[in-house]
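Single-structure report; data block below.
The values are calculated or read from the model by the stated rules, or taken from the named source; none is laboratory data. All of these numbers come straight from a predicted model, not from anything done at the bench. Here Cβ is always computed from backbone atoms with ideal geometry, including for glycine, and neighbour counts include all displayed protein chains. The area values use the complete protein model at the heavy-atom level, side chains included, leaving out ligands, DNA and RNA. Shrake-Rupley method; radii C 1.70, N 1.55, O 1.52, S 1.80 Å.
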Amino acid sequence: MAGGGVVAPSGRRQDYPGGLTPFVLMACLVASSGGLIFGYDIGISGGVTSMDPFLRGFFPSVYQKQLQAEAGGGGSQYCKFDSQLLTLFTSSLYVAALASSLMAASVTRAFGRKWSMFAGGITFLVGCVFNGAAVNVAMLILGRVLLGVGVGFANQSVPVYLSEMAPARMRGMLNNGFQLMITLGVFFANLINYGTDRITGGWGWRLSLGLAAVPAAIITVGSLFLPDTPNSLLERGQPEEARRMLRRVRGVDDADVSAEYDDLVAAGEASRAVSHPWRDILRRKHRPQLVMAVAIPLFQQLTGINVIMFYAPVLFKTLGFGGGASLMSAVITGLVNLVSTLVSVFTVDRVGRRALLLEGGAQMLAGQLAVGALIGAKFGWSGVATIPTGYAVAVVVVMCAYVAGFAWSWGPLAWLVPSEVMPLEIRPAGQSITVAVNMLMTFGVAQAFLPLLCRLKFVLFFAFAAFVVVMTLFVAFFLPETKGVPIEDMAAVWKAHWYWKRFVDDDGEGADGQGGDIEMGFAGDAKN
Ligand code: BGC
């Protein structure tokens, strides 16, 4: 518990009354189900693109190449799935999500977080229909684009919603519910692929893609029942409603919400004074938040996690596992991902964000090095080999260790940290940047992985290992601990940080002439 914890520079105690009410728990549970659509999608595409009837129908040239490789006439195992068109199927979603997350910022700010979630759910639902019914590549890609728009809206609004609803000392746990739902979605998708692959008649892939409608319906309907966050109500000029909501969310009486309410009011006023959040986020005093909004999702994708998430079945097939065994291995990594995320849910508010990121980094580093070494030792440069069962099991085991490290660190925290470090006035804009960078990088990694595997071979895994070293050093030096700090008191954290304090202390540059004193009620401190 962070009870009694830190004291803000303003002298305010950084903990407010109120605990985990059933009301807030329900609201957070429903909102985090927005993660299901993202996760389902991540998990489904890899499996579908490894199914023969799907490849035969939509990507015949990839199918031919694969047959040749299997017959031993097509050369290197490293290259058998290298097709830009096939990768475009996977990654078109991320380009659409990138664009839509930028639009989502205005919806989230002007109408409240829940309407962005609703917009996300409904668009995703339409995308599922196109995908399940696809008769040509154009329909497939159009469906993917609609799914992407849905993901952009959901990922922009859900983490912000969760961080605003949660009591400070449980914010990590409740926000990590989003990632838990992502991993649940991935896992279900892996299981479904495993089942639909067995359907004779060649239409199993339709079921895989169409069933995405189930998580989409959950968030679409669920969002209609969600209450608005007090922060958003205040920002939109509804103080009475905001106070009532805060009492309800925290489960305390009016006197007990006063301190928190006053902080929210200050943040709400600051926010309303800012008419151009996109310009405001570029101001010098917001540099630390801007850097986090960009660096954290960038690093998350450079861990290489989606190589495993998207391509686990393809990767395992590359390693010589049979089709069924490949999908089974993906189910195993999916389960490890899910269970390990729970570790983060239950420890993040106790051990803190930094400890998880540092440990996770070390574990991922070891995992990537081991995967690279095992693959390199067997396949070398030629890429021609078959691997014995024991060896294959070893590859799966080290991949699982790597996935576990990711699942309790960069997985959930790359969504939690950006959503909790922004002041209200730039929170939707900041979160949009985070989603956009995440999607851009996801797209880049998805698009580049198969061609890179074909060229760099096992060395590719060492490249990811090098990125993990860089991001772990970044955390060590530049990421302050944010556990237990109320969301509208976050300025204190930057002011106390050895490096970032110079930016928040000196707000001379880039100011637009108005709203210079708006930083969360710490204006006085900010000027000394
Ligand atoms: C990432 C995804 C990743 C997933 C795996 C998420 O946090 O943003 O790119 O596939 O975790 O669980």
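Take the Cβ atoms of Ser382 and Leu67, set R0 to 30 Å, and the FRET efficiency comes out at 0.90.
Placing a pseudo-label 7 Å from each Cα along the Cα-to-Cβ vector at Tyr499 and Leu25 gives an inter-label distance of 4.0 nm. For the chain, the relative contact order comes to 25 percent (Cα pairs under 8 Å, sequence separation of at least 6).
Mind ordering 483-496, 231-244 by average Cβ neighbours within 10 Å, highest first?
Values: 483-496: 22.7, 231-244: 18.9.
Those peptides, ordered most packed to least, come out 483-496, 231-244.
Rolling a 1.4 Å probe over the protein heavy atoms leaves Asp228 with an accessible area of roughly 30 Å². Measuring with a 1.4 angstrom probe and ignoring ligands and nucleic acids, Glu269 comes out at about 110 Å² accessible. Here the label points at Leu85 and Phe346, each 7 Å from Cα along the C-beta direction, are separated by 4.9 nm in the simple model. Heavy-atom accessible area for Phe467, with the other protein chains in place and a 1.4 Å probe, reaches approximately 90 Å². Isolated cysteines of the chain, defined as having no other cysteine beta carbon under 4.7 Å away, are Cys28, Cys128, Cys400.
Relative protection proxy for 469-482, 322-335, from highest mean packing down: 322-335, 469-482 (other beta-carbon atoms within 10 angstrom). In the context of the full set of protein chains, residues of the chain present 34 Å² of accessible surface per residue (probe radius 1.4 Å, heavy atoms only). Extending 7 Å from the Cα toward the beta-carbon at both Phe111 and Asp254 defines two label points whose distance is 3.3 nm.
Would you work out what percent of the accessible area of the chain, with all protein chains in place, is carbon or sulfur (probe 1.4 Å)? Could you put the intermediate results ahead of the total?
Working: 12250 of 17770 Å².
On the chain, the fraction of accessible area on carbon and sulfur atoms equals 69 percent.
What length, rounded to one decimal in nm, is gained on full extension from His276 through to Asp52, with 0.36 nm per residue of separation minus their alpha-carbon distance?
On the way: separation 224, 0.36 × 224 = 80.64 nm, distance 5.05 nm.
Taking His276 through Asp52 to full extension adds about 75.6 nm, to one decimal.
Helical content alone sets the calculated 222 nm signal of the chain at -24500 deg cm²/dmol, taking -39,500 (n - 2.57) per DSSP H segment of four or more residues and averaging over every residue.
Students often check this: by mean Cβ neighbours within 10 Å, which of 165-172, 48-55, 60-67 ranks highest, and how do the rest follow? Could the numbers behind the result be given before it?
On the way: 165-172: 24.6, 48-55: 22.0, 60-67: 15.8.
Top of the packing list down: 165-172, 48-55, 60-67.
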